[in-house]
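The structure under discussion appears below in the form of structure tokens.
The values are calculated or read from the model by the stated rules, or taken from the named source; none is laboratory data. Please read these numbers as outputs of a predicted model, since none were measured by experiment. FYI the Cβ positions are ideal-geometry reconstructions off the backbone, even for glycines, and counts take in every protein chain you see. For accessibility, only protein heavy atoms count, side chains too; no ligands or nucleic acids. Shrake-Rupley method; radii C 1.70, N 1.55, O 1.52, S 1.80 Å.
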Number of protein chains: 2
Amino acid sequence: MNAPDPHTPLASAEKFAELLARTREPFPASRKAYIPGQLHTDLRVPVRDIALTNGELVSVYDTSGPYTDPNAVIDVRQGLASVRGGWITGRGDVEHYEGRAPVALDDGQKSEDATRLAQLRAEAAALQRQPLRAKAGANVTQMHYAKKGIITPEMEYVAIRENGKREWMAQYMADAGREKRLMGNPMGASIPRIITPEFVRDEVARGRAIIPANINHPEVEPMAIGRNFLVKINANIGNSAVTSSIEEEVEKLVWAIRWGADNVMDLSTGKNIHTTRDWIVRNSPVPIGTVPIYQALEKVGGVAEDLTWEIFRDTLIEQAEQGVDYFTIHAGVRLAYIHLTAQRRTGIVSRGGSIMAKWCMAHHRESFLYEHFEDICDIMKAYDVSFSLGDGLRPGCASDANDEAQFAELHTLGELTQVAWKHDVQTMIEGPGHVPMHMIQANMTEQLKTCHEAPFYTLGPLTIDIAPGYDHIASAIGAAMIGWMGTAMLCYVTPKEHLGLPDRDDVKQGIIAYKIAAHAADVAKGHPGARSRDDALSQARFDFRWQDQFNLGLDPETAKEYHDETLPKDSAKVAHFCSMCGPKFCSMKITQEVRDFAAQKGVAEAEALAQGMQAKAAEFQQGGGELYIPLKPV
Amino acid sequence: MNAPDPHTPLASAEKFAELLARTREPFPASRKAYIPGQLHTDLRVPVRDIALTNGELVSVYDTSGPYTDPNAVIDVRQGLASVRGGWITGRGDVEHYEGRAPVALDDGQKSEDATRLAQLRAEAAALQRQPLRAKAGANVTQMHYAKKGIITPEMEYVAIRENGKREWMAQYMADAGREKRLMGNPMGASIPRIITPEFVRDEVARGRAIIPANINHPEVEPMAIGRNFLVKINANIGNSAVTSSIEEEVEKLVWAIRWGADNVMDLSTGKNIHTTRDWIVRNSPVPIGTVPIYQALEKVGGVAEDLTWEIFRDTLIEQAEQGVDYFTIHAGVRLAYIHLTAQRRTGIVSRGGSIMAKWCMAHHRESFLYEHFEDICDIMKAYDVSFSLGDGLRPGCASDANDEAQFAELHTLGELTQVAWKHDVQTMIEGPGHVPMHMIQANMTEQLKTCHEAPFYTLGPLTIDIAPGYDHIASAIGAAMIGWMGTAMLCYVTPKEHLGLPDRDDVKQGIIAYKIAAHAADVAKGHPGARSRDDALSQARFDFRWQDQFNLGLDPETAKEYHDETLPKDSAKVAHFCSMCGPKFCSMKITQEVRDFAAQKGVAEAEALAQGMQAKAAEFQQGGGELYIPLKPV
């Protein structure tokens, strides 16, 4: 996956503190609400309620954490309040322990001088916690509990979160129930009308969903990744070359989740990597993923062949103790597959994949990740870190898509999934990359089959290669399609992909493009309630409730700005016309006349005239199902 | 369709003249070349040759017309040089005639005072030509010639243009021939490896493609719209409230075709509408479409019920004489269908559709467009104006998609297509609009069946409704999919859709998003050579030929700017690393090592190790076709 720096470094810590304060503003007309649990009465599951001007309340999934709650007191040097602390210790299967002794190398060979590093660590002093781990012989994964039939608070939390508030969706639910036309095509998914805690447990137990939630990340608001849940998105962040302050690092995270990132991967490389991670994890309400081999590589000065299992293992423990929720591990890049990439147009494009390929070639040995996979499982289950099995051999361009190397690795990832599940370690599978539209379905079909429905987590895919500067769009097309077909989480691509490091606005552009893709997938799958937000917005559009139209959108500010460019006056916000046709002629207005027409004398006359048409329509709609041929479910 | 103003009005004619001059700059490292005809030796078919730093020449389809040819002398007050003049008169079936006498009302009731209008018309004096029409009893449509077995210069032009220069594609063609994996899935299309003039003739004769080319628009560079050709895109422009100069109007057009618009629709309403159209048509190398009912409505002061067949008919002749290449005609909005929209969430959203609905309701009569359809055909065939049969009842939101009203109208459009074909009038069919992903295929399937493979021309479709400000992305997803499935032309959507009038940058954003969608469709369909540009760019990426990577992209400037933000130095343009991983570690570099590894001793060892894998791979790939299950072709 790509390793961006989500903004151009700004001048000062003060500037970032200010930025963070601004990012804490709630969305327009929005209020954070919390839904209590029933099995676990201390749950407070966040939703964002959007108050419409017609008195309706539209409730949407909220990834932004306490940052958008004006009542939350937040001090990034203290970290977020614990959500899960009591649940974790309450299970009685964890213990505090001394933890691994931090060493200077944790912050990279390129780290600052000792004074500066000490200063940085001091800043984060309050963020250093004594780690938890499973007691000897215990397994603390959500999958382990699920298999034992236990519905954890995390599972109930997820169930409530996925359902949201259903009252306002009643009209849509009724419509969809009445009209077959409005149902989705789940493409083989089995999405219930209501997500129960038991359903979540069952999905986690069978490996079809994961809840990434390290026991050392009690700040996380639990969420699920699985094909029978809402499609999720991931944003990548990385530390900047000139790290100025803790505020700066945290602000990147807060910016990403504000716009809807469900997960964030910290792909930092270089100096101060350990300390920065403390800052991020302690202040993150969303699961944090990493690629531990990046840090391990820093520890050996960037020389891949100098990597050892011991260094890697130590890095896993280091990060597990900090609270990282999932690790990308490229254990499918086996020695035997490397030569399969030799004739590719763009070879190996995954950074982790190429690190491991280089190691295997240099030593003429099987990958230590593959050979030590069960040892890795032992670490994962002691902290409940989830696997994100990396696709180190993913294609880097259209002409390398779906080739032997890619599918050989996928097959190994399926084999490793079963090993992980034997240890009750939660597992998802990373996928491509660059895939033309007509080759996307094969990826999903093969992943479902080979990896036994473990959640798929794809990067795009990009459908073409000729759009540098616009790869968020080229890939949103592929992401929407593969999301519909069953991918559980979509890793975003920004406009800067292939060109440079994304700035603040690029990150936002990438996230919005991916929220569009994920939502398009949810609507197509027929996730209950997904389309209800579209319907609410369309209704607002029809009713000329401009403010509601803005506020129900993914980016209210931008929508309002665009409207203001043409019709800046406040009165235009309630005007029953828009800039497209002007005040004199309006197609929406005509519809009201159509309704009057249909309701009054017009209807009899129209229906008489319609006789001829009806005969044809009957013929035309014979076997009406034909109109709505579903794509073949996979 | 939406009626945007493609830029914020700028200060002066001088400013626009300057803008136009800048827009005439060729793309970086690009040179306009012309391919001669063989049947018709005077053809000069434009392509854009991109010179790569490795000596290769990549040739791409070029919509920009003479504007990007530094050798072309262009004076917008004189209009472009004629391309087709000799071909048209050479056929001996046309005659010059006096033409309809222009009246003040042609420029709208809201037109300027007489002095100002006279001044505007004087500016365009040189652009007023004596019109041509078919001689009595003659039919001058491309379809008519095609059915008679005549290969016109227009058809050979299209064949050459669709093929481009194939030499540089040799490697790709060989790859695709060798590897089944790299073939597209045409979803029922029949795209030959080489487009011959005879193939074009046959496609036009059977109505599966159109070549919009009014005999009064000799400046047009012929192009084809059909599912067995490259997917095309349309951009909408409209005159601005404050028309300042001829340069301003023409610049909008030049800007749109520079970025790749294959067609432009002039959706102007309001004042000076006739005069502005002279400016646009005379300076346009791409086909121009209009919605004549918009102008007719202006003539009756915006009161739909005051429209008459006579006013409409006169407007058709007026525009046909000016050289408009296709007319959107909403003849499928029948009285009997109007009440079907009464219960929709957003009713009738097509402007043309609602005008006709209002007329039908007011008079309690069948649409005059439907009743006079054969009369309209008589006009169309006298000038070779193509039909774009409008979808006046298209859905305006997801929950109205694929409903009875929409498909009833589509059925009528199919019926009208056969009437048009009886007159040898070229015809395409407009489509939605707003359609969730899982309901897209039904649109295409039904259109192909109902309209007998007449080219489909869709607006998006938008896959979700919650992305105001980003509807170019929400719709590019649907556009790419429906393009793959068989839609021949995609009408763009800009970020301002639903919110306001697009400015210059919005137009560009919309076009680029749609070039991505169209190209993704071409690649998926396996159009010969479509993917070769991707391959050339990917190869440049792998070889660290940064300039080539930028220049092969859809927007070289933006790609270069994004790269410069992170690595501004010129030396970085030839550097064998990028900002993602930095100079020390590079996955692309490692691939070279993989190749050495595979080529040397490594391969034997790797293959020995691969034994175990091979057994599994064999099992995994049994019935290898399974990996590459095509989506069911329609």
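On a straight-distance basis, which aspartates and glutamates could pair with residue A:381 in a cross-link, Cα separation under 13 angstrom, same-chain partners fewer than 8 positions away excluded?
Reachable aspartates and glutamates: A:93, A:321, A:325, A:424.
Got the relative contact order for chain B handy, in percent, Cα pairs under 8 Å and 6 or more residues apart?
On the way: 1240 pairs, mean separation 103.1, N = 634.
After rounding, I find 16 percent.
For residue A:100 and residue A:72, calculate 0.36 nm times their separation in residues minus their Cα-Cα distance, and state this gained length in nm to one decimal.
Details: separation 28, 0.36 × 28 = 10.08 nm, distance 3.25 nm.
Fully extending the segment from residue A:100 to residue A:72 adds 6.8 nm.
Normalised by the residues of region A:412-521, what does the relative contact order come to in percent, with Cα pairs under 8 Å and at least six apart?
24 percent
Say the cut-off is 25 Å between C-alpha atoms; which of A:589/B:252; A:15/A:271; A:508/B:496; A:515/A:560; A:252/A:422; A:271/A:496 go over it?
In this structure, A:589/B:252; A:252/A:422 lie more than 25 Å apart at Cα.
List, shortest first and in nm to one decimal, how far the label point of residue A:53 (7 Å from Cα along Cα→Cβ) is from its counterparts in the other copies.
Taking the point 7 Å beyond Cα along Cα→Cβ, the inter-copy spacings are 5.5 nm.
List the residues whose amide H sits under 5 Å from the amide H of residue A:459, counting only those 5 or more places along or on another chain, with H placed 1.01 Å from N in the peptide plane.
Long-range HN contacts for residue A:459: A:431, A:433, A:491.
Within a 10 angstrom radius of each residue's Cβ in A:269-275, how many Cβ atoms of other chains show up on average? Whole number is fine.
Counting Cβ atoms of other protein chains within 10 Å of each residue's Cβ and averaging gives 1.
Once amide H atoms are placed 1.01 Å from N in the peptide plane, what residues at a sequence separation of 5 or more from residue A:35, or on another chain, have their amide H within under 5 Å of its amide H?
When sequence neighbours closer than 5 places are left aside, the close amide H contacts are A:45, A:47.
Looking at the protein assembly as shown only, what percent of DSSP beta bridges run antiparallel? Nearest 5 please. Before the final figure, lay out each step's value.
Details: 34 of 84 bridges.
Of those bridges, close to 40 percent are antiparallel.
How shielded is A:354-363 by partner chains, expressed as the average number of their Cβ atoms within 10 Å of its Cβ atoms? Don't skip to the answer; put the middle values down first.
On the way: counts 10, 3, 1, 6, 7, 0, 5, 9, 2, 0.
The shielding value for this peptide is 4.
By how many nm would the segment from residue A:148 to residue A:56 lengthen if fully extended, with 0.36 nm per residue of separation less the alpha-carbon distance?
So the chain would gain 28.9 nm between residue A:148 and residue A:56.
Just report the Cα centroid separation between region A:135-168 and region A:70-105, whole Å.
Measuring centre to centre over Cα atoms gives 19 Å.
In whole Hz and in residue order, list the ³J(HN,Hα) couplings for region A:305-311 that follow from phi through the Karplus curve 6.51 cos²θ - 1.76 cosθ + 1.60, θ = phi - 60°; x for Gly and Pro.
Coupling constants for region A:305-311: 5, 8, 5, 9, 4, 5, 5 Hz.
To the nearest 10 Å², what's residue A:324's accessible area with a 1.4 Å probe?
0 Å²
Compute the label-point distances linking residue A:81 to its equivalents in the other copies; points lie 7 Å from Cα along Cα→Cβ; give nm, one decimal, shortest first.
So the label point of residue A:81 gives 7.6 nm to the other copies.
Which value in nm describes the separation of the simple spin-label points at residue A:198 and residue B:193, placed 7 Å from the Cα toward the beta carbon?
6.2 nm
How do B:381, A:252 rank by accessible surface area computed with a 1.4 Å probe, from largest to smallest?
Greatest to least solvent exposure: B:381, A:252.
Roll a 1.4 Å probe over the protein heavy atoms and report the accessible area of residue A:364 in Å², nearest 10.
Using a 1.4 Å probe on the heavy atoms, I get roughly 50 Å².
Using only protein heavy atoms and a 1.4 Å probe, report how much of residue A:15 is accessible, in Å² to the nearest 10.
100 Å²
In nm, one decimal, shortest first: how far is the label point of residue A:366 (7 Å from Cα along Cα to beta carbon) from the matching points in the other copies?
Residue A:366 label point versus its equivalents elsewhere: 7.8 nm.
For A:132, A:57, give me the order by solvent-accessible area with a 1.4 Å probe, most accessible first, ignoring ligands, DNA and RNA.
Largest accessible area first, the list is A:57, A:132.
Residues of region A:493-507 with amide nitrogen under 19 Å from the 7 Å Cα-to-Cβ point of residue A:561?
Only A:494-496, A:502-507 fall inside the zone, counting backbone N under 19 Å.
Aspartates and glutamates near residue A:165 by alpha-carbon distance under 16 Å, same-chain residues fewer than 8 away left out - which ones?
List returned: A:49, A:56, A:62, A:156, A:534, A:535.
Provide the packing ranking of A:137-148, B:73-84, B:58-69, i.e. peptides ordered by the mean count of other C-beta atoms within 10 Å per residue, highest first. Don't skip to the end; give the middle numbers.
On the way: A:137-148: 20.0, B:73-84: 16.9, B:58-69: 22.0.
Put in order of decreasing packing, that is B:58-69, A:137-148, B:73-84.
Accessible area lost on pairing A with B, both sides, 1.4 Å probe, Å² to nearest 100?
Counting both chains, the buried surface is close to 12600 Å².
Probe radius 1.4 Å, ligands and nucleic acids ignored: give me the carbon and sulfur share of the accessible area of region B:269-367 as a rounded percent. Provide the component values of the computation, followed by the final result.
Working: 810 of 1850 Å².
The value for region B:269-367 is 44 percent carbon and sulfur by accessible area.
Quickly estimate the mean residue ellipticity at 222 nm for chain A, helices only: each DSSP H run with n ≥ 4 gives -39500 (n - 2.57), and the total goes over all residues, rounded to 500.
Values: 24 runs with 269 residues, N = 634.
The helix contribution divided over chain A gives -13000 deg cm²/dmol.
Once each part is reduced to its C-alpha centroid, what is the distance from region A:230-292 to region B:292-346 in angstrom?
55 Å
Report the calculated FRET efficiency for residue A:365 and residue B:592 (r = Cβ-Cβ distance, R0 = 22 Å), to the nearest 0.05.
The formula returns an efficiency of 0.60 here.
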